Every structure is written in structure tokens, then in C-alpha cells.
Amino acid sequence: MPRVTTTIYTLLTLTLLVGVGMAKDQRPNILFIFADDHAYQAIGCYGSRVNKTPNLDRIANEGMRFDRCFVTNSICGPSRAVILTGKYSHLNGFVRNGNTFNGGQQNVAKLLGQAGYQTALIGKWHLRSEPTGFDYYHRLIGQGPYYNPTMRTNAGDLGPGGFRDVKHTGYTTEIITDLALDWLKNNRDRDKPFLMMYQHKAPHRNWQPGPKQLTHYDGVTVPEPETLYDDYSGRASPAKNQAMEVARHLNKNDLKLVPQRGLTPEQRAVWDKAYGPKNEEFAAAKLEGKALIQWKYQRYVKDYLRCIDSVDENVGRVLDYLDESGLAENTVVIYSSDQGWYLGEHGWFDKRWMYEESFRTPLMVRWPGKVKPGTVTDAMVMNLDFPELFLEIAGADIPDDMQGRSFLPILVGQQPSDWRQSVYYHYYEFPGAHSVAKHYGVRTKRHKLIHFYDLDEWELFDLETDPNELTSVYADPAYADVLVGMKKELTRIRKQYKDDGSVVEFGPSRPRKVKQQQAKKERAKKERARK
């Protein structure tokens, strides 16, 4: 049986609908704005030391900022699958990038559609299968480029697969926003509330800035994080045995030292004008040692921030339209990212770890008349909770098999006394990009326990005395009682989320490739037999 929402808001909404004779559905719209790899420490309202984000800050200043929002699995595709299903990776079947999402399973778009919402997805998808449950989608194919993307849509003159591919020219962040605004202005059913998932590629690797932002931060020295030169001496072996260091693992394409692919001649001319002189200056300097690391950090972080500047500008365009059209009054605006990110902390770029910078993700929610402006909460919420929130906002039933919990009461200032006091994490992608070992763990408000289970190595951190997580106290006798309690909590929470180490399988991650490989092997076997 589904969990039936019983909030005061839902009851008031139903009363309103009866009062208007159901002529027009007055339930709130839900605008879910999603970035890719956006570090919370690169957002102004989170105290950024490196950039300003006035439009994103509007959402927090006019709503609520969450300081303890965590992800279940810090990587692009799995995070998106969790948000669609409300289930951990091992139950939705999408544990690592390269899997194919099973679109036949229950997802929040289908449930909202059944509840009377119009649903749209615009931008990054990254789940390989075609979106299901969305009345309209216009998505990037795969990761998608920063410039001139080919996108796939289920609208217009469709091909045999029920979709068509459309070639766009321009900067992807702006194109995604143009498409979102076009749908809001021209294509939505104005008699229905909507869920729109407006999802950016930026600021994902390799951080190609838009033409408007190419020279942002020129002449500026971005502050380095205090752990940029971390030597990993205080932790288990995986922290040292990775492949994501600014000093060693950024390539020439990342650093814009080689021509960038996919640009038109006009775009290339603008690009070369911005990067040519800077690259000539770098070549002439012949940097080595620490000076070279510092240059790499500045080049990397400035390009990353330039991409965010475009996201901020384009989110501002959407917020302005909501204000101008009157939609803002009845639209819940949510901004988040698929996970956090390293801006040089621990010497790293990328994500994946249960360490704080990638485990935490930004979350800001604006809802005029419901969420008090300028509020901040340290309640522990997760991306696992997002679909349950959407459903409760809509007054729809929340299925029992969803594993998260709607945080609508927290938004309206009524945090339940039994709200969670710990969060669970599980990362699977090894071997894989950046060589981050498989691990799971539990975090409470003060402590974090991580188990690299294939290596049987453990880490325990006291986040109060060691917020940068530089020294594990797993073997410290002073923490013996804490360790016992944390291991007990880890056992309990794994049972709660039904994680016994197995993964639900919906079929091979790459079915076509698998079939091709099998056919090739069969042909080779027959050829050997003939010989």
C-alpha cells in the first residue's frame, strides 16, 4: 500500500480544487534545476571564496538553503537514477556510469503524470535508455558536448524509435535554457501543473566556457584550498592510489593546451583569441614543480568557474521569466547537483568519494508563501528524498518501496522529531575512471565511518575536530567506543536500505555490444573448428 500524504498543505489544495470545480488544477508547479558536478563551495550563498552566483543565491535568499544534503552514490548516472526512483543504486539497478537505466520501472515522472501533472525533461539525461514518464523531453545524447550539441526529442516528426535527433548550434548551457523557456512559454498545458526537470551539462569535465565567459577571472588569482598539497598520510591506501590529482592527472585537453573539438570556425576564432595569448605565456614560462601545479590549478578552476558563471546567468533568465509571467507565485524552484566536487581539496578534481566535498551536494528551495525567505537548515537530507518531496508537493501518494522521505515539513518549519540522524553511502565504480576504490559508509552529525570493503580497510573521522578529514582515528584507542557505535549503526542502516551487497539486475549494461561480442566469439569458434 502506498504511503498516503496527509500534510495540511495537501488538504488545503484538495479543498481548493473542489472549490473551483476542478476547472483548473491549482497545485504548485515544480521546477527542478540540476547542474552536473557543481560544488557547494562554488556557490555564493554557501560562502564561496572563489566566485559569485547572484542568481543561484536568489533561490536561497528567497527560500531555504540546506547545509547537509548528501548523495547515495557520488557519480552522475547513479545520482540521476536515485532521483527518478527514490531507491538506492542496488535496487534501481544503476550502480555506475555505463549501466543502462531500466525505464520500465516505477519513476517519479510516471507517478506525477498519473496524478495529473504534465512532465518535461530538458538537458542532460545520461542514463542511456530513452526517458519514460515524460510528456516531453529534449535531451543531450550521452554526456553531450559544450558546443553545438545534437539532442534527442520525443516531439515533432518522430522516427521508428519514437524520437528524433536535432542538431543545435551554440553554447549548450544557453541552448538548454532556450529550450526550457520555449516549453514554458509555448508548449505546456496551462490547465495542468507541471514538473520540469531543467538539467545542465555544466560544469562537467572538460569545462569549456561559453563565449561570454571566456575571459572571466583573467588577471585574478583564485584562492587555493588549504588541502591542495595533501600527502594522504593520515588515511587508508585508497586516498593515495587514485587518478584524480590536479598535479598529475589533468590532461592537455582539460587544460586547453590543445585545440578544442566541436567548434565552428566562428567559435574557434573567439576561443583562440581568448586562450592563444594565455597559452603562449604559459609555454614561455617553462614552469616546473610547485609553480606548475599552481598554474594547473588556476587554469582548471577558472575554466570550471566560467562554466558556472554561464549556469548562473541562464538560471537567472528562467527565474526572470517566472517573475514576469506570474508563474513564480505558484512554482517550487529547486536547485541541486548530481553530487559535490573537488576544487583542489586534497589535491583533487572529480567526485566519487564519501569525503565531504563530493558526498555533500548543494540544495536550495524557493516556494513563495510556504518557505520562509533566508532560512537555513542543517537537517540531514539526501537526493534519495527528492522524488518523495515532489510527490508530497503534488498531493500524490508516495509508494512504500521508495526509500527516502519527503522533507516538506522541514521546508515549512516543522522538522519531525524522528528525522534521520545518519546517512548511508555506497560507491561501486572500480575498476573505473579515476581508480576510486569501492566503499560504503555511514555519517552522523559528528562522525564518519568508511569501509573500503574489497581491501578491508577502514577510516573513521571526527568531523568536529578534523573537518578536512585528514587523519583517520580508526585505530585511536580514544575512539574505541565511538567505533563500536558507528559499526553498529552501519550494520543497522545497511539493513534498513536492504543493502546486502547484491544488485538488482535488469539486463546487461550494454546489450547491443554484448550481443556483438558474443556473435564475434561464436564466429571465431566456428572458424577455428573449420581449421
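The values are calculated or read from the model by the stated rules, or taken from the named source; none is laboratory data. Small disclaimer: the values here were computed from a predicted structure and weren't measured. Glycine also receives a Cβ, built like all others from the backbone with ideal geometry; neighbour counts cover every protein chain displayed.
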Q: Kindly indicate which of Pro203, Pro225, Pro209 is more than 21 Å from Gln143 (Cβ to Cβ) and surrounded by 12 or more Cβ atoms within 10 Å (Cβ to Cβ).
A: Pro225
Q | Which listed residue is in a loop (DSSP other than H, G, I, E, B) and buried (at least 17 other Cβ atoms within 10 Å of the Cβ), from Pro78, Pro145 | A | Pro145
**Q.** Among (1) touching a Leu at 6+ places or on another chain (Cβ under 6 Å); (2) assigned to a helix (DSSP H, G or I) - the single one Thr119 does not satisfy
**A.** (2)
Q) Which number in (1) in contact (Cβ under 8 Å) with a residue 40 or more places away in the chain; (2) buried (at least 18 other Cβ atoms within 10 Å of the Cβ) marks the one condition that Asp189 misses? A) (2)
Q: Would you be able to say whether some residue in segment 74-92 is aromatic (Phe, Trp, Tyr) and in contact (Cβ under 8 Å) with a residue 40 or more places away in the chain?
A: yes
Q) Do you know which residues across segment 148-169 are part of a loop (DSSP other than H, G, I, E, B) and either buried (at least 16 other Cβ atoms within 10 Å of the Cβ) or touching a Pro at 6+ places or on another chain (Cβ under 6 Å) (or both)? A) Asn148, Pro149, Asn154, Phe163, His168
Q.
Of all residues being in contact with a Phe, Trp or Tyr (Cβ under 6 Å, 6 or more places away or on another chain) and assigned to a strand (DSSP E or B) in segment 301-335, which is surrounded by the fewest Cβ atoms within 10 Å (Cβ to Cβ)? Just the residue, please.
A. Ile334
Q | All positions within segment 452-504 that are within 28 Å of the chain's Cα centre (by Cα), acidic (Asp, Glu) and closer than 21 Å to Gln421 by Cα | A | Glu459, Asp462, Glu464, Asp466, Glu469, Glu489, Asp499
(Q) Being free of Cβ contacts under 8 Å to residues at least 40 places away in the same chain and more than 24 Å from Val503 (Cβ to Cβ) is the filter here; which residues of segment 419-473 pass it? (A) Arg446, His447, Leu460, Phe461, Asp462, Glu464, Thr465, Asp466, Val473
(Q) One residue is enough: does segment 380-388 have a residue meeting the conditions more than 19 Å from the chain's Cα centre (by Cα), over 14 Å from Thr72 (Cα atoms) and modelled with pLDDT of 95 or more? (A) no
